[in-house]
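S.K.: Input: one structure, supplied below.
The values are calculated or read from the model by the stated rules, or taken from the named source; none is laboratory data. This structure is a prediction, so every number in the text was calculated from the model and none was measured. Cβ: placed from backbone, ideal geometry, glycine included. Neighbour counts: every protein chain shown. The area values use the complete protein model at the heavy-atom level, side chains included, leaving out ligands, DNA and RNA. Shrake-Rupley method; radii C 1.70, N 1.55, O 1.52, S 1.80 Å.
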Amino acid sequence: MDLKLKTNKILKKYYHEITKTCDFLKNDLLELNICSAVIYGSSTYSGMFIEGVSDIDVLAYSKELKTFLPEEVIKMIKEKNLEFKDKEPVLYIDHIGYRIEFYIQFKRISVDITLLPYEIPNFEKREIDASYDSLEMLIGAIYEKGIVLFGRQPADNYIAKNYFPFYNDELRRKRLDIIMNRLVLYIKRLEIYTNNRDANLIDHLYKTRNLFLKWLFIYKRKYPVNLSKHINYQLQSLQLSDKEIKTLEFLEGDIFYISKEFLKLVNKYLQLYKLERER
């Protein structure tokens, strides 16, 4: 197990439950050939884990997941007679990738497990699917902040060599441009909602912030871990002003004031990027 596991105060406390989880993945799901498991999420971010509320998140890679039908895998897990809390095994196929998620409920803590094929989801589309994929978050949460329980993460040597401290400028530019094109459309709608004091503003404001944060982290050459949680924790790495951080946290003023200030900030950084492109 990763040495960081033994020095992390949260994970050290739940070492017994983590060991039982590893045992389950390696032995009870032997047919799936779980070759690697990584802890990620709030327990690996300083000060973000809330006792009694937070779970321990585990990503487990299977070399055989795609050789089974999803219902076969779900049946296989359910036959182990675990306590699933309120999240029995469920299949997801979306921009994050093909995966199966479920809880294991222990007496003291629940472990939120995600099973993935042994690959980086949608990695082959990284130059064309930037608006929808989770590339930066996967690298930030799993490769940069994650704590390996056993095995090796997919393409770990390649990622270490080519994606740290950040990926190359050509890929950065391609991903920034793709996201910016969509962001411009989001901004136009957000401006209309804001000026009209439209109740539909709230949902679109948060969607636009998620997209802008994705863009901003790439612009700043940093990896995020989540675009909707742990916002303050992540923004500390971007060398933003206190005012900019407060603007992105959405905590000061009414929703229309928040939106106006946010739009100013977005437009400021888009202009800075345009100047960068012109140099």
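S.K.: Quote to one decimal, in nm, the extra length available between Y158 and H16 on full extension: 0.36 nm per residue of separation minus the C-alpha distance between them.
M.R.: Length gained between Y158 and H16: 47.9 nm.
S.K.: Still on this structure, I have one more. Would you mind checking K6/K125; K63/K87; K87/K174 for any pair whose Cα atoms are more than 28 angstrom apart?
M.R.: Table pairs above 28 Å Cα-Cα are K6/K125; K87/K174.
S.K.: So what is log10(I(q)/I(0)) for the chain at q = 0.09, 0.10, 0.13 1/Å, when the Debye sum runs over its Cα atoms only?
M.R.: With one equal scatterer per Cα and no solvent, log10 I(q)/I(0) is -0.49, -0.60, -0.96.
S.K.: I'd like the antiparallel share, as a percent to the nearest 5, of DSSP beta bridges with both residues in the chain.
M.R.: Looking only at bridges with both residues in the chain, the antiparallel portion is about 75 percent.
S.K.: Pairs of Cα atoms under 8 Å, at least six residues apart: use those to get the relative contact order of the chain, whole percent.
M.R.: 16
S.K.: Moving on to the next point. Considering only protein heavy atoms, with the full assembly of protein chains and a 1.4 angstrom probe, order Y167, Y143, Y257 by accessible area, largest first.
M.R.: The residues order as Y257, Y143, Y167, largest area first.
S.K.: How long is the stretch 46-87 along each principal axis, judged by its Cα atoms, biggest number first, in Å?
M.R.: Largest first, the stretch 46-87 extends 40, 23, 12 Å along its Cα principal axes.
S.K.: So, one more: Calculate, in whole percent, how much of the Cα-Cα pair population of the stretch 1-107 lies beyond 22 Å. Please list the in-between numbers first.
M.R.: Working: 1892 of 5671 pairs.
Result for the distance tail: 33 percent.
S.K.: Straight distance only, please: which aspartates and glutamates reach the Cα of K13 with their own Cα at less than 14 Å, same-chain residues fewer than 8 apart left out?
M.R.: Partners within reach: E51, D55.
S.K.: At a 1.4 Å probe radius, which order do S237, S42 fall into by accessible area, largest first?
M.R.: Working: S237 55, S42 15 Å².
Result, largest first: S237, S42.
S.K.: While we're on this one: For the stretch 17-144, what proportion of DSSP beta bridges, expressed in % and rounded to the nearest 5, is antiparallel?
M.R.: 70
S.K.: Compute the label zone of N181 within the stretch 217-243: residues whose backbone N is under 20 Å from the point 7 Å along Cα-to-Cβ.
M.R.: Hits in the stretch 217-243 for N181 at 20 Å: 217-219.
S.K.: Got a number for the accessible area of I192? Probe 1.4 Å, square angstrom, nearest 10.
M.R.: Only protein atoms counted, so the area is about 100 Å².
S.K.: Let me ask something else. Just to confirm, what accessible area per residue do you get for the chain at 1.4 Å probe, in whole Å²?
M.R.: 52
S.K.: Same structure, new question: For labels at T7 and I245 in the simple 7 Å Cα→Cβ model, what's the distance in nm?
M.R.: Between T7 and I245, the label points sit 2.4 nm apart.
S.K.: Which helices pass in the chain if a helix is a full DSSP H run, must span at least 20 angstrom along its long axis by Cα, and must have mean Kyte-Doolittle hydropathy not below -0.5? Working shown, then result.
M.R.: Values: long enough: 169-195 (37 Å, -0.43); 201-219 (26 Å, 0.36); 255-278 (35 Å, -0.19).
Correct list, ordered by number: 169-195, 201-219, 255-278.
S.K.: Give the carbon-plus-sulfur fraction of the accessible surface of the chain in %, rounded to a whole number; probe 1.4 Å, heavy atoms of protein chains only.
M.R.: With neighbouring chains kept in place, the figure for the chain is 50 percent.
S.K.: Shifting gears a bit: Roughly speaking, what is the centre-to-centre gap between the stretch 95-124 and the stretch 1-42 when only Cα atoms are used, to the nearest Å?
M.R.: Here the two parts' Cα centres lie 13 Å apart.
S.K.: Give me the percent of Cα-Cα pairs in the stretch 46-160 that sit more than 21 Å apart, rounded to a whole number.
M.R.: Numbers: 2908 of 6555 pairs.
When all Cα pairs of the stretch 46-160 are counted, 44 percent exceed 21 Å.
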